[in-house]
Amino acid sequence: MLREHVVTHSCPPAEMLATLNRRLYNDRFDSRFIAMLFATYDAPSRSLTLANAGGPYPLLVRGGCVQPIRLEGVPLGLIPNSEYDEQLSN
């Protein structure tokens, strides 16, 4: 499902997670859900855009320092019409 949607729709990570959430919720996978982080990388600007759907905080490692990126979200397929935040990291 993810591979199909990524190939046919170019959209930001938060929108991608919202779309996947709707599809998974509507298919009702026996009350199961999926936790995942989705990101896109823009090489020319060297920026990473992240959205989180119930996974642990991603970690940013820069200059020998590690810091969590505090980005939360509801796992996919759990709650209908969930919206997701995204964060840009340069």
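The values are calculated or read from the model by the stated rules, or taken from the named source; none is laboratory data. The model shown is predicted, which means the values in this text are computed figures rather than measured ones. All Cβ positions, glycine included, derive from the backbone under ideal geometry; neighbour counts span all protein chains shown. For the accessible areas, the whole protein counts, side chains as well, though only heavy atoms, and no ligand, DNA or RNA atoms are used. Shrake-Rupley method; radii C 1.70, N 1.55, O 1.52, S 1.80 Å.
Some points to look at:
- Among the residues making up the range 10-33, those that are open to solvent by less than 90 Å² (accessible area, probe 1.4 Å) and either in a loop (DSSP other than H, G, I, E, B) or small (Gly, Ala, Ser) (or both) are CYS11, PRO12, ALA14, ALA18.
- Going through (1) under 9 Å from the mean Cα position of the chain (by Cα); (2) modelled with pLDDT under 90; (3) among the aliphatic types (A, V, I, L, M) one by one, ALA18 falls short only on (2).
- Residues in the range 34-90 that are touching a Phe, Trp or Tyr at 6+ places or on another chain (Cβ under 9 Å), hydrophobic (A, V, I, L, M, F, W, C) and either at positive phi or not in a strand (DSSP E or B) (or both): ILE69, LEU71, VAL74, LEU78, ILE79.
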